[in-house]
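For reference, the structure discussed in these notes is given below.
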Amino acid sequence: MCWGVPAKVLKVEGFTALVDFGGGVEKEVLVATSDVHSGDYVLVHAGIIVSKIRREEVVKILDAYKEMAVQLAVEEGLKREDAERYYDGILRDILGGEEV
């Protein structure tokens with residue numbers, strides 16, 4: 001099984017795009033799907049945009065990742081509330097400051 005990572009497209013130039021994974025992580029990736037524009041949400045796997053996705057899909061994916069991360073944090077001894085607050089901040093960052 002492969003994991004795709006949601007990102008927001010910042011800039012497209014030919015067959016490459018600069019995407020924002022949140023938390024200040026920006027990377028140049030290859031574009032392997034048509035009609036990708038700045039502001040689009042995409043799914044990136046192995047440095048390649050494999051599909052465009054809707055914001056609602058981004059939220060579902062990130063919520064699943066958040067729940068896994070929170071569970072791991074709790075198992076490591078952190079309080080659930082603190083872990084959720086931390087990961088909610090990351091989600092807002094990925095969504096450009098928008099509420100989840």
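So the values come out like this:
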item	result
For I49, distant residues with modelled amide H under 5 Å away	L30, V31, A32
Relative contact order (%) - the chain, alpha-carbon pairs under 8 angstrom, separation at least six	23 percent
With Cα atoms, 0 to 90° folded angle of helix 55-75 axis to the chain main axis	40 degrees
Projected-area mean, the chain, by convex hull of Cα positions, square nanometres	6.6 nm²
Phi-based couplings in Hz for region 79-84 (Karplus 6.51, -1.76, 1.60; Gly and Pro marked x)	6, 4, 4, 5, 5, 5
In sequence order, calculated HN-Hα J values of region 18-25 (Karplus, 6.51, -1.76, 1.60; Hz; x Gly/Pro)	9, 10, 10, 8, x, x, x, 8
L10 long-range amide H proximity, modeled H, under 5 Å	L18, V19, D20, G39
Stretchable slack from V12 to L72, in nm (0.36 nm times residue separation minus alpha-carbon distance)	18.0 nm
Cα shape, region 5-53, gyration tensor, a/c 1.5 rule	rounded
Net charge contributed by nearby residues that have their C-beta within less than 11 Å of I53 (K/R +1, D/E -1)	+2
Karplus-derived HN-Hα couplings along region 9-17 (A = 6.51, B = -1.76, C = 1.60, θ = phi - 60°), whole Hz, x at Gly and Pro	6, 9, 7, 10, 9, x, 9, 10, 9
Net charge over other residues, Cβ less than 12 angstrom from the Cβ of L78 (K, R count +1; D, E count -1)	-2
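Every read-out reported here was derived from the displayed coordinates using simple, explicitly stated rules and does not represent laboratory data. Values in this document were obtained by computation on a predicted structure and should not be read as measured data. Neighbour counts are summed over all protein chains in view; Cβ atoms, including those assigned to glycine, are modelled from backbone coordinates with ideal geometry.
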